[in-house]
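The values are calculated or read from the model by the stated rules, or taken from the named source; none is laboratory data. The shown structure was predicted, so the numbers you read here are calculated from the model rather than taken from an experiment. Here the Cβ positions follow ideal geometry from the backbone for every residue, glycine too, while neighbour counts run over all protein chains shown. Accessible surface areas use protein heavy atoms only, side chains included; no ligands, DNA or RNA. Shrake-Rupley method; radii C 1.70, N 1.55, O 1.52, S 1.80 Å.
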Amino acid sequence: MTIWHAERGTGEPVVLLHSSAADSGMWDAQVAALSGRFRVITVDFRWYGRSAFHSDGPYSDAGDVTRVLAELEVTRAALVASSGACQAALELAAAGLADRLVLLNPVSSLEPTVDVRAYWQEERRLLELGDVQGAAELNARTLLGPEASDAAWDRLVEMQRHAFEVQLAADPEPERVEGEVEPAKIDVPALVVAGAHDLPYFLAGARHLAGELPGARLVELEWAGHLPAMERPEEINRLLLDYL
(Lines give C-alpha, C1' and ligand atoms only; values in the text may rest on other atoms or scores of the structure.)
Protein backbone atom coordinates (compact mmCIF):
# COMPACT_ATOMS: atom_id res chain seq x y z
CA MET A 1 0.00 0.00 0.00
CA THR A 2 1.33 3.41 -0.98
CA ILE A 3 0.38 6.27 1.34
CA TRP A 4 0.83 9.72 -0.15
CA HIS A 5 2.69 12.11 2.11
CA ALA A 6 4.64 15.34 1.86
CA GLU A 7 6.95 17.40 4.02
CA ARG A 8 7.92 21.04 4.02
CA GLY A 9 10.22 23.10 6.21
CA THR A 10 12.80 22.14 8.82
CA GLY A 11 12.85 21.88 12.59
CA GLU A 12 10.81 19.85 15.03
CA PRO A 13 8.30 17.62 13.20
CA VAL A 14 4.60 18.48 13.16
CA VAL A 15 2.23 15.96 11.58
CA LEU A 16 -1.14 17.17 10.26
CA LEU A 17 -3.88 14.49 10.10
CA HIS A 18 -6.99 15.35 8.11
CA SER A 19 -10.69 14.98 8.80
CA SER A 20 -12.62 12.08 7.30
CA ALA A 21 -14.61 14.69 5.36
CA ALA A 22 -11.52 16.05 3.60
CA ASP A 23 -7.95 15.16 2.69
CA SER A 24 -4.58 16.73 3.45
CA GLY A 25 -5.58 19.71 1.31
CA MET A 26 -7.61 21.00 4.26
CA TRP A 27 -4.29 21.97 5.86
CA ASP A 28 -2.84 24.06 2.99
CA ALA A 29 -2.95 27.31 4.96
CA GLN A 30 -1.44 25.64 8.03
CA VAL A 31 1.40 24.09 6.03
CA ALA A 32 2.31 27.50 4.66
CA ALA A 33 2.21 29.12 8.11
CA LEU A 34 3.97 26.40 10.12
CA SER A 35 6.72 25.38 7.70
CA GLY A 36 8.75 28.49 8.46
CA ARG A 37 9.42 27.09 11.96
CA PHE A 38 8.72 23.35 11.77
CA ARG A 39 9.16 20.28 9.61
CA VAL A 40 5.53 19.88 8.56
CA ILE A 41 4.36 16.45 7.42
CA THR A 42 1.01 15.82 5.77
CA VAL A 43 -0.55 12.47 4.94
CA ASP A 44 -3.52 11.37 2.84
CA PHE A 45 -5.24 8.42 4.52
CA ARG A 46 -6.37 5.49 2.38
CA TRP A 47 -9.45 6.41 0.29
CA TYR A 48 -8.47 10.09 0.35
CA GLY A 49 -6.65 12.60 -1.81
CA ARG A 50 -3.64 11.13 -3.57
CA SER A 51 -3.42 7.83 -1.70
CA ALA A 52 -4.51 5.29 -4.29
CA PHE A 53 -6.42 2.46 -2.65
CA HIS A 54 -6.11 -1.28 -2.94
CA SER A 55 -7.20 -3.96 -0.50
CA ASP A 56 -4.56 -5.89 1.41
CA GLY A 57 -6.69 -6.96 4.35
CA PRO A 58 -7.63 -5.10 7.52
CA TYR A 59 -5.77 -1.86 8.09
CA SER A 60 -5.67 1.10 10.45
CA ASP A 61 -5.02 4.79 9.84
CA ALA A 62 -2.66 4.86 12.82
CA GLY A 63 -0.74 1.90 11.40
CA ASP A 64 -0.36 3.62 8.04
CA VAL A 65 0.89 6.84 9.65
CA THR A 66 3.29 4.84 11.83
CA ARG A 67 4.86 3.37 8.68
CA VAL A 68 5.12 6.81 7.07
CA LEU A 69 6.88 8.22 10.15
CA ALA A 70 9.26 5.25 10.23
CA GLU A 71 10.12 5.84 6.57
CA LEU A 72 10.83 9.51 7.39
CA GLU A 73 12.86 8.52 10.49
CA VAL A 74 10.54 10.46 12.80
CA THR A 75 10.34 8.89 16.26
CA ARG A 76 8.23 11.57 18.00
CA ALA A 77 6.25 14.52 16.69
CA ALA A 78 3.58 17.04 17.52
CA LEU A 79 0.34 15.61 16.13
CA VAL A 80 -2.39 17.95 14.92
CA ALA A 81 -5.60 16.10 14.03
CA SER A 82 -9.08 17.05 12.90
CA SER A 83 -12.33 15.21 13.60
CA GLY A 84 -12.09 11.48 12.84
CA ALA A 85 -8.29 11.64 12.61
CA CYS A 86 -8.13 12.36 16.34
CA GLN A 87 -8.60 8.63 16.97
CA ALA A 88 -5.45 7.87 14.98
CA ALA A 89 -3.60 10.65 16.81
CA LEU A 90 -4.58 9.17 20.17
CA GLU A 91 -3.44 5.71 19.06
CA LEU A 92 -0.10 7.14 17.95
CA ALA A 93 0.25 9.00 21.25
CA ALA A 94 -0.53 5.81 23.19
CA ALA A 95 2.29 4.14 21.24
CA GLY A 96 4.74 6.84 22.34
CA LEU A 97 4.98 8.68 19.00
CA ALA A 98 3.59 12.05 20.17
CA ASP A 99 5.27 14.72 22.26
CA ARG A 100 2.11 16.85 22.19
CA LEU A 101 -1.36 16.83 20.66
CA VAL A 102 -3.76 19.30 19.11
CA LEU A 103 -7.22 17.76 18.61
CA LEU A 104 -9.71 19.83 16.65
CA ASN A 105 -13.34 18.80 17.22
CA PRO A 106 -12.54 15.15 17.94
CA VAL A 107 -15.02 12.41 17.09
CA SER A 108 -16.32 11.25 20.43
CA SER A 109 -16.32 7.93 22.25
CA LEU A 110 -19.72 8.95 23.63
CA GLU A 111 -22.84 7.19 22.37
CA PRO A 112 -24.17 8.85 19.19
CA THR A 113 -26.96 11.32 19.86
CA VAL A 114 -30.02 12.29 17.83
CA ASP A 115 -28.26 15.12 15.99
CA VAL A 116 -25.34 13.07 14.70
CA ARG A 117 -27.49 10.02 13.94
CA ALA A 118 -29.74 12.16 11.73
CA TYR A 119 -26.70 13.54 9.91
CA TRP A 120 -25.20 10.09 9.31
CA GLN A 121 -28.54 8.64 8.19
CA GLU A 122 -29.09 11.41 5.65
CA GLU A 123 -25.58 10.95 4.29
CA ARG A 124 -26.20 7.20 3.91
CA ARG A 125 -29.56 7.82 2.23
CA LEU A 126 -28.03 10.13 -0.36
CA LEU A 127 -25.18 7.75 -1.12
CA GLU A 128 -27.58 4.83 -1.51
CA LEU A 129 -29.50 6.94 -4.05
CA GLY A 130 -26.25 7.59 -5.91
CA ASP A 131 -26.35 11.31 -5.11
CA VAL A 132 -22.66 11.72 -4.35
CA GLN A 133 -22.73 15.46 -4.95
CA GLY A 134 -25.68 15.84 -2.57
CA ALA A 135 -23.89 13.83 0.11
CA ALA A 136 -20.74 15.94 -0.28
CA GLU A 137 -22.77 19.14 -0.02
CA LEU A 138 -24.54 17.78 3.07
CA ASN A 139 -21.15 17.44 4.75
CA ALA A 140 -20.13 20.97 3.83
CA ARG A 141 -23.47 22.34 5.06
CA THR A 142 -23.26 20.40 8.34
CA LEU A 143 -19.58 20.73 9.15
CA LEU A 144 -18.54 24.20 8.04
CA GLY A 145 -19.38 27.05 10.41
CA PRO A 146 -20.76 30.44 9.41
CA GLU A 147 -17.29 31.97 8.95
CA ALA A 148 -16.37 29.65 6.07
CA SER A 149 -15.82 31.27 2.68
CA ASP A 150 -17.35 30.12 -0.59
CA ALA A 151 -13.89 28.85 -1.57
CA ALA A 152 -13.70 26.73 1.59
CA TRP A 153 -17.16 25.32 0.84
CA ASP A 154 -16.17 24.41 -2.74
CA ARG A 155 -12.88 22.87 -1.63
CA LEU A 156 -14.51 20.71 1.04
CA VAL A 157 -17.19 19.48 -1.37
CA GLU A 158 -14.46 18.60 -3.87
CA MET A 159 -12.41 16.65 -1.31
CA GLN A 160 -15.41 14.85 0.16
CA ARG A 161 -16.86 13.93 -3.23
CA HIS A 162 -13.54 12.42 -4.33
CA ALA A 163 -13.36 10.34 -1.15
CA PHE A 164 -16.91 9.09 -1.62
CA GLU A 165 -16.21 8.12 -5.23
CA VAL A 166 -13.12 6.13 -4.27
CA GLN A 167 -14.93 4.42 -1.40
CA LEU A 168 -17.98 3.51 -3.50
CA ALA A 169 -15.74 2.01 -6.18
CA ALA A 170 -14.08 -0.41 -3.73
CA ASP A 171 -15.21 -4.02 -4.11
CA PRO A 172 -14.98 -5.55 -1.64
CA GLU A 173 -14.67 -2.78 0.89
CA PRO A 174 -11.76 -3.61 3.22
CA GLU A 175 -11.96 -3.51 6.98
CA ARG A 176 -10.60 -0.45 8.78
CA VAL A 177 -9.81 -1.20 12.41
CA GLU A 178 -9.21 1.08 15.38
CA GLY A 179 -7.09 0.33 18.40
CA GLU A 180 -8.26 0.53 21.98
CA VAL A 181 -7.22 3.81 23.60
CA GLU A 182 -7.34 4.86 27.24
CA PRO A 183 -7.09 8.67 27.22
CA ALA A 184 -6.32 8.76 30.95
CA LYS A 185 -3.01 7.01 30.20
CA ILE A 186 -1.93 9.46 27.48
CA ASP A 187 0.07 11.90 29.56
CA VAL A 188 1.35 14.40 27.00
CA PRO A 189 0.36 18.05 26.64
CA ALA A 190 -2.85 18.31 24.62
CA LEU A 191 -4.92 21.17 23.26
CA VAL A 192 -8.54 20.17 22.57
CA VAL A 193 -10.44 22.63 20.38
CA ALA A 194 -14.24 22.76 20.10
CA GLY A 195 -16.48 24.88 17.89
CA ALA A 196 -19.63 26.48 19.27
CA HIS A 197 -21.40 25.99 15.90
CA ASP A 198 -20.54 22.29 15.72
CA LEU A 199 -23.14 19.57 16.25
CA PRO A 200 -23.92 19.14 19.97
CA TYR A 201 -22.54 15.59 19.83
CA PHE A 202 -19.08 16.77 18.79
CA LEU A 203 -19.07 19.67 21.24
CA ALA A 204 -19.92 17.32 24.12
CA GLY A 205 -17.29 14.87 22.91
CA ALA A 206 -14.54 17.49 22.88
CA ARG A 207 -15.39 18.53 26.43
CA HIS A 208 -15.48 14.89 27.53
CA LEU A 209 -12.11 14.05 25.97
CA ALA A 210 -10.49 17.16 27.45
CA GLY A 211 -11.61 15.94 30.86
CA GLU A 212 -10.11 12.50 30.29
CA LEU A 213 -6.64 13.53 29.04
CA PRO A 214 -4.36 14.35 31.99
CA GLY A 215 -2.45 17.11 30.19
CA ALA A 216 -5.32 18.65 28.23
CA ARG A 217 -6.51 22.21 27.92
CA LEU A 218 -9.88 22.92 26.28
CA VAL A 219 -10.42 25.90 23.99
CA GLU A 220 -13.93 26.64 22.71
CA LEU A 221 -14.14 28.90 19.67
CA GLU A 222 -17.42 30.82 19.59
CA TRP A 223 -17.19 31.40 15.82
CA ALA A 224 -16.22 27.89 14.73
CA GLY A 225 -18.00 24.91 13.25
CA HIS A 226 -16.46 21.45 12.87
CA LEU A 227 -13.56 22.44 10.59
CA PRO A 228 -12.10 25.68 11.94
CA ALA A 229 -8.81 25.20 10.06
CA MET A 230 -10.76 25.82 6.86
CA GLU A 231 -13.15 28.42 8.29
CA ARG A 232 -10.70 30.95 9.75
CA PRO A 233 -7.30 29.58 8.72
CA GLU A 234 -5.30 32.58 9.91
CA GLU A 235 -6.75 32.32 13.41
CA ILE A 236 -5.99 28.60 13.61
CA ASN A 237 -2.49 29.31 12.32
CA ARG A 238 -1.92 31.70 15.22
CA LEU A 239 -3.37 29.24 17.71
CA LEU A 240 -1.08 26.45 16.47
CA LEU A 241 2.03 28.63 16.38
CA ASP A 242 1.37 29.85 19.91
CA TYR A 243 0.77 26.36 21.25
CA LEU A 244 3.49 24.50 19.40
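Quick check: anything in region 139-155 without any contact (Cβ under 8 Å) to a residue 60 or more places away in the chain and within 18 Å of Trp47 (Cα to Cα)?
no
When you go through Pro189, Pro200 one by one, which is the residue that is open to solvent by 30 Å² or more (accessible area, probe 1.4 Å), within 13 Å of Pro106 (Cα to Cα) and not charged (D, E, K, R)? Please lay out each step first, then the result.
Working: Pro189 fails: within 13 Å of Pro106 (Cα to Cα).
Exactly one residue qualifies, and that residue is Pro200.
Glu180 fails exactly one of the following numbered conditions: (1) assigned to a loop (DSSP other than H, G, I, E, B); (2) open to solvent by 80 Å² or more (accessible area, probe 1.4 Å); (3) touching a residue at least 40 places away in the same chain (Cβ under 8 Å); (4) within 24 Å of Tyr48 (Cα to Cα). What is the number of that condition?
Answer for Glu180: the failing condition is (3).
Tell me yes or no: at least one residue of region 118-130 is touching a residue at least 60 places away in the same chain (Cβ under 8 Å), farther than 29 Å from Leu97 by Cβ and among the aromatic types (Phe, Trp, Tyr). I'd like the intermediate steps shown before the answer.
First pass over region 118-130, keeping only residues touching a residue at least 60 places away in the same chain (Cβ under 8 Å): 119.
This time we only want the ones that are farther than 29 Å from Leu97 by Cβ, so: 119.
Restricting the remaining residues to those that are among the aromatic types (Phe, Trp, Tyr) gives 119.
Yes: region 118-130 contains one or more residues that are touching a residue at least 60 places away in the same chain (Cβ under 8 Å), farther than 29 Å from Leu97 by Cβ and among the aromatic types (Phe, Trp, Tyr).
When only residues in region 162-172 that are touching a residue at least 12 places away in the same chain (Cβ under 8 Å) and open to solvent by 30 Å² or more (accessible area, probe 1.4 Å) count, which is farthest from Asp23 (Cα to Cα)?
That would be Pro172.
Go through region 99-150 and give me each residue that's exposed (fewer than 15 other Cβ atoms within 10 Å of the Cβ) and in a loop (DSSP other than H, G, I, E, B).
Ser109, Leu110, Glu111, Pro112, Leu129, Gly130, Asp131, Pro146, Ser149
Kindly list the number of the only condition in (1) in a helix (DSSP H, G or I); (2) surrounded by fewer than 16 Cβ atoms within 10 Å (Cβ to Cβ) that fails for Pro214.
Going through (1) in a helix (DSSP H, G or I); (2) surrounded by fewer than 16 Cβ atoms within 10 Å (Cβ to Cβ) one by one, Pro214 breaks only (1).
Mind checking which residues of region 89-98 are in contact with a Leu (Cβ under 8 Å, 6 or more places away or on another chain) and surrounded by fewer than 24 Cβ atoms within 10 Å (Cβ to Cβ)? Steps first, please.
Step one: filter region 89-98 for residues in contact with a Leu (Cβ under 8 Å, 6 or more places away or on another chain), giving 89-90, 92-93, 97-98.
Scanning region 89-98 gives Leu97, Ala98.
Residues of region 151-161 being under 16 Å from the mean Cα position of the chain (by Cα) and open to solvent by 40 Å² or more (accessible area, probe 1.4 Å), which ones?
Once the filter is applied, which keeps residues that are under 16 Å from the mean Cα position of the chain (by Cα) and open to solvent by 40 Å² or more (accessible area, probe 1.4 Å), region 151-161 yields only Arg155.
Is there a residue being open to solvent by less than 10 Å² (accessible area, probe 1.4 Å) and without any contact (Cβ under 8 Å) to a residue 60 or more places away in the chain anywhere in region 69-76?
Checking region 69-76: at least one residue is open to solvent by less than 10 Å² (accessible area, probe 1.4 Å) and without any contact (Cβ under 8 Å) to a residue 60 or more places away in the chain.
Looking only at region 1-30, which residues are without any contact (Cβ under 8 Å) to a residue 60 or more places away in the chain and either over 23 Å from Val107 (Cβ atoms) or over 15 Å from the mean Cα position of the chain (by Cα) (or both)?
If the condition is that a residue be without any contact (Cβ under 8 Å) to a residue 60 or more places away in the chain and either over 23 Å from Val107 (Cβ atoms) or over 15 Å from the mean Cα position of the chain (by Cα) (or both), then Thr2, Trp4, Ala6, Arg8, Gly9, Thr10, Gly11 are the ones that fit.
Restricting to region 3-47, and then to whatever is open to solvent by 30 Å² or more (accessible area, probe 1.4 Å) and assigned to a loop (DSSP other than H, G, I, E, B), can you tell me which residue is farthest from Ala77 (Cα to Cα)?
Here the residue is Ser20.
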